[in-house]
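Participant: Please find one structure pasted underneath; my questions will follow.
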């Protein structure tokens, strides 16, 4: 996924199309850093996302 170069620089993330997404769906892809790194994409309703961003302990854990 990250080895292809189209002249725009090294890819930083892989994103899926917007089809088949629903609340609380979690998508995991290999990370750009290699060596077992992972990128997570989670679909949340806006009020859930606001609650997570407001939770200091959660933000310290994921940052």
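The values are calculated or read from the model by the stated rules, or taken from the named source; none is laboratory data. Predicted model, so just to flag it, every value in this text is computed and none were measured. Virtual Cβ from ideal backbone geometry, glycine too; neighbours counted across all protein chains shown.
Participant: What residue, among those in the stretch 31-40 that are more than 10 Å from the chain's Cα centre (by Cα) and farther than 11 Å from residue 12 by Cα, is modelled with the lowest pLDDT? Explain how you work it out, then say what you get.
Facilitator: Taking the stretch 31-40 as the starting set, the residues that turn out to be more than 10 Å from the chain's Cα centre (by Cα) are 32-37.
Filter once more, so that each one left must be farther than 11 Å from residue 12 by Cα: 34-37.
Details: 34: 75, 35: 84, 36: 86, 37: 85.
Step by step, filter the stretch 31-40, then rank; the result is 34.
Participant: Step by step: first the residues of the stretch 23-63, then only those that are assigned to a strand (DSSP E or B) and in contact (Cβ under 8 Å) with a residue 24 or more places away in the chain, then the one that is farthest from residue 5 (Cα to Cα). Which residue is that?
Facilitator: Across the stretch 23-63, the extreme among qualifying residues is 41.
Participant: Anything in the stretch 9-30 that is surrounded by 10 or more Cβ atoms within 10 Å (Cβ to Cβ), at pLDDT 75 or above and farther than 26 Å from residue 51 by Cβ? List them, or say none.
Facilitator: 30
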